[in-house]
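Reading through the structure tokens given below for one structure.
Readers should treat all values here as calculations from the given coordinates under stated rules, not as data from a laboratory. Quick caveat: nothing in here was measured; it's all calculated off a predicted structure. Every residue, glycine as well, gets a Cβ built from its backbone with ideal geometry; the counts of neighbours run over all protein chains shown.
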């Protein structure tokens, strides 16, 4: 199930906490890893690829209200750009302001702290038998996934599932030689490999990235999507920007196995297809 909340401005998020946050006692006493989309530094030409700080702050406040034990915020981003990325996006204030840990998963010695998670049986995967995920993420009780609404030149849409690639080492192995067909198969496999660890997804769709996943055109969409299931969220994201989920190969591959109808919500802000889409 995916809930859609209309929100026209990031300044309104705190006022909408009670509406957006699916209140429960699940997170009480747990150690929570927050995975935003924190991939490149914000600049004059790059404004819409990163999960906005305001959403991360709202989620931290909600988790603290529920009595979670501790919180870590982390991502890989582009290697060598971590400090510039967290400063330009404002994330560098989080440790002092909220007492959370903020970590670049590939920075310094962290680059060597990844462990292999793999499928038990060969019949469970199409192309990705397993992947190395950050020990920091694996050590926490569960993940709260905060993707950004964007198109993608190879995946067509990039949402909750692809956002979890930011916890992997050598994530370029997801699309060797730029092969989109392999990427879609491996996104399907990634979903089944990691979904059980992701207990909540909240998508920043107030402003999305049109034409490209990086350095795209900022586009006001005005929504927040909330779901416990990454596939359902990505399907609703696609539908919200005028893309039929059935046209997205990795969503089709997952649907064949979950055997559920494609979810959708009655809201659309049609995007142009990404540049170079094939």
Legend entry - Failed criterion for residue 109 (all others in (1) out of contact with any helix residue (DSSP H, G or I) (no Cβ under 9 Å at 6 or more places or on another chain); (2) closer than 30 Å to residue 270 by Cβ; (3) surrounded by fewer than 18 Cβ atoms within 10 Å (Cβ to Cβ) hold): (2)
Inset, instruction - Working carefully through the options 246, 270, 220, find the one that is outside any loop (DSSP other than H, G, I, E, B), surrounded by fewer than 14 Cβ atoms within 10 Å (Cβ to Cβ) and out of contact with any strand residue (DSSP E or B) (no Cβ under 7 Å at 6 or more places or on another chain). - result: 246
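If you check residue 209 against the conditions, is it farther than 26 Å from residue 42 by Cβ and either under 17 Å from the mean Cα position of the chain (by Cα) or touching a residue at least 60 places away in the same chain (Cβ under 8 Å) (or both)?
Numbers: farther than 26 Å from residue 42 by Cβ: no; either under 17 Å from the mean Cα position of the chain (by Cα) or touching a residue at least 60 places away in the same chain (Cβ under 8 Å) (or both): yes.
In short, no.
Could you tell me whether residue 200 is in contact (Cβ under 8 Å) with a residue 40 or more places away in the chain and either out of contact with any strand residue (DSSP E or B) (no Cβ under 8 Å at 6 or more places or on another chain) or part of a strand (DSSP E or B) (or both)?
Numbers: in contact (Cβ under 8 Å) with a residue 40 or more places away in the chain: yes; either out of contact with any strand residue (DSSP E or B) (no Cβ under 8 Å at 6 or more places or on another chain) or part of a strand (DSSP E or B) (or both): yes.
For residue 200, the condition - in contact (Cβ under 8 Å) with a residue 40 or more places away in the chain and either out of contact with any strand residue (DSSP E or B) (no Cβ under 8 Å at 6 or more places or on another chain) or part of a strand (DSSP E or B) (or both) - is met.
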Legend entry - helices (runs of 4 or more DSSP H) wholly inside the stretch 1-104 containing at least 1 residues that are out of contact with any helix residue (DSSP H, G or I) (no Cβ under 6 Å at 6 or more places or on another chain) and closer than 26 Å to residue 235 by Cβ: 17-20, 53-65
